[in-house]
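Below is one structure, written out as structure tokens; the observations come after it.
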Amino acid sequence: MTATLTRTRLLVALVAISTLVLALAAAGGVVPGLFVDDSPDRPDDPTTEDTVGYVNGYWYDDELPVDDRDDAVVDDDELEPVVYRSMARVEKIRNMTFEDDVPVEVISREEYQTEHKDIFLETTEDEQLIQNVTYETLFMVDRDTDAGDEFESMYGGAVGGYYDPETDRIVVVSDTTETPELDETVLGHELVHALQDQQFDLSSYDRMTIDQDVATNGLIEGDAAWVETEYETRCSDEWACAQPGESEPNSEQFSQLNWGLYMTLYQPYNDGSAYIDSLREDGGWAAVNAAYDDPPTSSSTVIHSDEEREPVEVTVEDRSGDAWVPLEVDGEPARQTVGEAAMVSMFGADIHDRSQPSVIDSEAMLADGLSGYDYDQPYTDGWTGDELAVYVDATVDDPTATDTGYVWETEWRSSEDAQQFVTGYLDLLEIHDAEPVADRQDTYTVDDEYPGAYAIDRDGETVTIVRAPSVDDLDEINDGAAPEGDDTLERVAVDTSDGDDGGTDDDDSDSLAGFAVPGTVLGVSIGIFVAKTRDGTVRAWIAHRRALTRPDSAPSVDSGGGSDSQRRGAA
């Protein structure tokens, strides 16, 4: 087993974070298909276990007193009927029955902060170091910033609720202590995860790398997002639903977001529903159910759901000298697979920062009508595999990020694809003021936020990037890196204007950068899914988000360059 950057010691939970982040239409604007109704007649004696759309005395289309209100204030006596009806509605859409009840509790934010904050626990020092180095590799978290703080800042102290597989319950957190409101479609999304857990055991999936996380979520979150979108549509067209009052967007929270991290974690919601649609087209819900036995193997599979995409295994050969050794956790080398979604996020994250250009500009990165992100980009489209190996200075007992280096090997479908990735990476280095090293082949140094020496090598379809604290250390980390000689790498023309790939590759095209956020936010919730892996460790990833958007009016948000409070974060 290899150690990974996101291995954390966290309570097994499905956490919904209500925070004002990127507003996107559910699953990137993909609209589910026709309503499913497999029961032409209702049985005379329905049962919760055998009747789709019926739970503990409540049918999916029953009317409740809460439906006649302008808000979604639900007292203790009214909560249970709303939950049972919501369970029945999830069954009706998903064509699958719950095996057990799902207790739901509504608590105040004060109670959550004092009694439930142990959901988030500390990583070990080695795990924290790997996490920091990995996201520094992706130019998402700089040397002076802790990645864990960035995640906490993004999740925010605005937890809206969570599903806990260890207790099989959902806890809803309300900001209105005296009159808590319950968003029924958000509850429905959480209930989908409870249903998934009962039927497929969500804790059984391996999530050893960033890419494996994102890929698995393409199925799990794509499924839940599909159901949620259908649920919300039916609430508008045929069902009476408990819905909270509208809230105004708080643009200040946009400026506190780490867009690189967010865009990586958001990709399953952007593309997951389309992936579910591709499965349903071949075999309906039965095909989706079967996919839980054979989940997608990479984020590339979800991004390109209309193609057959299987990653190749990449193994970085240890070619370090005596002065540098592979970083180990629990006796295993620290290795990571980043994947296509994270690479797109690396190249596109700066579209929300008007203080600097972005490799992928806003016209190419933002989907038509500001309905989401376009993760199908020519810089990364040819990805077939990658591995990141982290090294530490052998003379240091308690290493920090300053004492680390890495070898990042990537594989591409063709030499042309590899060249396009190199072009994007060279542009990224230039954005961060990299300076070429005289007489060293394709070697650069960066002094500020991402300090160190970077050596790049392309050999046909393989691109290897080595980073070290100094130029002399490059060869010690990976024998042969940064040889003497003239540069050999050249930038190639990258066409981002073709249909699905968005707009133009114009460096001056920044009319939206720093200001544009897809849609007008009326209500958003994001989440963290935290579950135990087969080896007993626990993992965390984004698990739920809800947005209502008006594509005709995008808010103007000044992302700036990031403040100290943004970088350090707050729980």
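The values are calculated or read from the model by the stated rules, or taken from the named source; none is laboratory data. Remember, it's a predicted structure, so these values are computed and weren't measured experimentally. Glycine gets a Cβ as well: all are built from the backbone with ideal geometry, and neighbour counts include every protein chain shown. Protein only, heavy atoms only, side chains kept; ligands, DNA and RNA dropped before computing areas. Shrake-Rupley method; radii C 1.70, N 1.55, O 1.52, S 1.80 Å.
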Most to least packed among 483-494, 274-285 [average Cβ atoms within 10 Å]: 274-285, 483-494
message: So with the 1.4 Å probe, I'd like the accessible area per residue for the stretch 321-474, rounded to whole Å².
response: 34 Å²
- request: Using packing as a proxy for protection, rank 89-99, 62-72 so that the peptide with the highest average count of other Cβ atoms within 10 Å comes first.
  value: 89-99, 62-72
statement: Note, the stretch 475-484: 3J(HN,Hα) by Karplus (6.51, -1.76, 1.60, θ = phi - 60°), whole Hz, Gly/Pro = x, goes 5, 6, 7, 9, 3, x, 5, 6, x, 5
- prompt: Around D61, what is the net charge, scoring Lys/Arg as +1 and Asp/Glu as -1 over all other residues with Cβ under 10 Å from its Cβ?
  reply: +1
- line: Taking protein heavy atoms only, a 1.4 Å probe, and rounding to whole percent, the accessible area of the stretch 63-109 owed to carbon and sulfur comes out at 37 percent
field: Rounded D (µm²/s) - the stretch 328-422, Kirkwood Rh over Cα pairs, Stokes-Einstein at 37 °C, 0.692 mPa s
entry: 211 µm²/s
